[in-house]
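K.L.:
Sharing a structure here in structure tokens format.
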Amino acid sequence: MTQGTTGSPARARAVGAPLRQADLPIRVPLIHGETTLSLLSRTASANGQDLSRLLRALHRGRLSLPKDRPRPERHEALLSAAATGRLAVLTGRPADQLERALPSLRAPRLLDAPAAAVRLERWPGEPGAGPLPACPLCMEDGARLVAAGHRWRPCPCGRRWMSGDDGGALLDTGLVPELSHALLRHRALAHRLGPAGDALVADAHQIALWWWVNRQVAHGRWREREDAAGFARRRRRAAPAVVYPETMTLAEAMDAWEQRRRDPAASPREWLADLAAGLGTPGVLGGRENKPLSHWLALHPAGPGLERTGRTTAERRWAQLPALHHPPSEHGLFRARSCLRWTFGQPLTATLGICPYCRGRSPSCFWAPADDCPERPRRSAAG
């Protein structure tokens with residue numbers, strides 16, 4: 001070795017030379033819905049490469065990286081079309097395959113730049129913005145999924161509950177078998193009703209979380225599940241999962257009301273009495289537990305004109321839902337948005353902001369301004 005040279009030629013090439021496809025011989029499996037930085041991190045780790053080096057290989061020119069080390073739970077990598085092409089070459093995968101799997105490689109998240117460009121940005125802090133930790137049993141440990149506004153959901157394998165709150169948490173549902181049984185009930189309802197079934201679960205989940213916050217209905221049972229799952233010191237993280245069985249009991253009852261309310265003479269009180277018997281909680285008939293249910297019934301009133309047309313049962317059932325329900329953009333469980341707009345973890349007793357259209361009068365805007373407020377002016381077809 002020449003005097004004054006440090007390290008071997010191979011190491012010098014590994015550190016300073018441009019990254020090539022040969023430097024990434026191991027192709028990690030694609031995970032649908034994964035964040036781009038998560039895939040890059042897994043690829044770099046599997047091939048013994050530094051993540052920063054891989055990021056620089058996708059960027060033309062000098063790349064500025066955040067002072068804190070890029071991590072999938074904190075950051076996302078946004079790429080231009082040219083940078084996506086570089087990633088496709090380096091990983092040996094077609095660009096369209098990467099785009100189908102990774103939401104951040106699709107418009108409008110794709111960077112609008114003519115050259116290869118990468119930008120690291122921190123995930124926002126509001127609920128539903130941060131990524132979900134992927135199930136390590138059927139996906140891969142350490143992977144992160146784009147939340148797209150959804151703060152939690154059970155893994156399709158039924159063995160983990162994934163939550164993006166507080167930097168991400170995984171709950172082992174095998175420790176609480178009722179949660180796996182609730183997943184089967186959720187699937188059955190969504191299979192029978194289509195997206196309308198998932199929307200009813202979203203409504204029921206909002207009400208169950210209201211009850212959890214106020215220590216109502218099944219508070220003791222939920223505490224036992226939190227303890228069994230090992231979340232005795234982080235109960236708020238486990239709450240969305242531990243209320244799942246009661247959520248499904250309520251969602252199935254909501255389905256029954258959706259059928260009843262086509263009759264203008266349908267009695268909400270009779271439905272509430274049936275629900276009270278099913279939950280074993282008389283308070284849902286007229287006590288404090290009734291408040292969120294009354295709000296839901298106001299948004300799902302009985303009356304004429306609920307017979308809607310559609311080619312399939314799923315289409316007809318969706319058309320029957322009130323206008324505050326919107327079709328989910330993706331298939332799956334916990335993808336539909338609820339018509340009940342309070343936010344778990346934020347106050348349930350006061351409006352968080354004043355809607356500029358209805359000034360907080362509309363039921364959709366009692367807790368926070370809603371982008372679909374019924375009093376919001378609609379643009380004309382000509383406009």
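K.L.:
Can you tell me which residues in the range 236-253 are part of a helix (DSSP H, G or I) and of a type in the set (A, V, I, L, M)?
P.N.:
ALA238, ALA239, ALA241, VAL242, MET248, LEU250, ALA251, ALA253
K.L.:
Taking only the range 164-181 into account, find how many residues are small (Gly, Ala, Ser) and buried (at least 24 other Cβ atoms within 10 Å of the Cβ).
P.N.:
Total satisfying the criteria: 1.
K.L.:
Between a residue in the range 102-125 that is buried (at least 16 other Cβ atoms within 10 Å of the Cβ) and any residue that is β-branched (Val, Ile, Thr) and assigned to a loop (DSSP other than H, G, I, E, B), which pairs come within a Cβ distance under 7 Å, given they are 6 or more apart or on different chains?
P.N.:
Hits for this filter: PRO103/VAL146; SER104/THR35; SER104/VAL146.
K.L.:
Restricting attention to the range 254-271, which residues are open to solvent by less than 10 Å² (accessible area, probe 1.4 Å) and in a helix (DSSP H, G or I)?
P.N.:
Once the filter is applied, which keeps residues that are open to solvent by less than 10 Å² (accessible area, probe 1.4 Å) and in a helix (DSSP H, G or I), the range 254-271 yields MET254, TRP257, GLU258, TRP271.
K.L.:
Among the residues of the range 1-28, what is the count of those that are open to solvent by 70 Å² or more (accessible area, probe 1.4 Å) and either at pLDDT 95 or above or not polar (S, T, N, Q) (or both)?
P.N.:
12
K.L.:
Regarding the range 235-246, can at least one residue be identified that is among the charged types (D, E, K, R), over 20 Å from ALA277 (Cα atoms), in contact with a helix residue (DSSP H, G or I) (Cβ under 9 Å, 6 or more places away or on another chain) and in contact (Cβ under 8 Å) with a residue 60 or more places away in the chain?
P.N.:
yes
K.L.:
Somewhere in the range 125-143, is a residue modelled with pLDDT of 90 or more, among the charged types (D, E, K, R) and within 21 Å of ASP68 (Cβ to Cβ)?
P.N.:
no
K.L.:
Kindly establish whether GLN346 is open to solvent by 30 Å² or more (accessible area, probe 1.4 Å) and within 25 Å of the chain's Cα centre (by Cα).
P.N.:
So GLN346 passes the test.
K.L.:
Among the residues of the range 290-310, is there at least one that is β-branched (Val, Ile, Thr), under 29 Å from SER180 (Cα atoms) and either in contact with a helix residue (DSSP H, G or I) (Cβ under 8 Å, 6 or more places away or on another chain) or part of a loop (DSSP other than H, G, I, E, B) (or both)?
P.N.:
So far as the range 290-310 goes, no, none of its residues is β-branched (Val, Ile, Thr), under 29 Å from SER180 (Cα atoms) and either in contact with a helix residue (DSSP H, G or I) (Cβ under 8 Å, 6 or more places away or on another chain) or part of a loop (DSSP other than H, G, I, E, B) (or both).
K.L.:
Here's a follow-up. Let me spell it out: the conditions are (1) within 30 Å of ARG221 (Cα to Cα); (2) surrounded by 13 or more Cβ atoms within 10 Å (Cβ to Cβ); (3) out of contact with any His (no Cβ under 6 Å at 6 or more places or on another chain), and PRO363 meets all of them except one. Which number is the exception?
P.N.:
Every listed condition holds for PRO363 apart from (1).
The values are calculated or read from the model by the stated rules, or taken from the named source; none is laboratory data. Remember, predicted model here, so these are calculated numbers, not experimental data. Cβ coordinates were reconstructed from backbone atoms using ideal geometry, including for glycine residues, and neighbour counts include every protein chain displayed. Quick note on the areas: whole protein, heavy atoms, side chains included, nothing else; ligands and nucleic acids left out. Shrake-Rupley method; radii C 1.70, N 1.55, O 1.52, S 1.80 Å.
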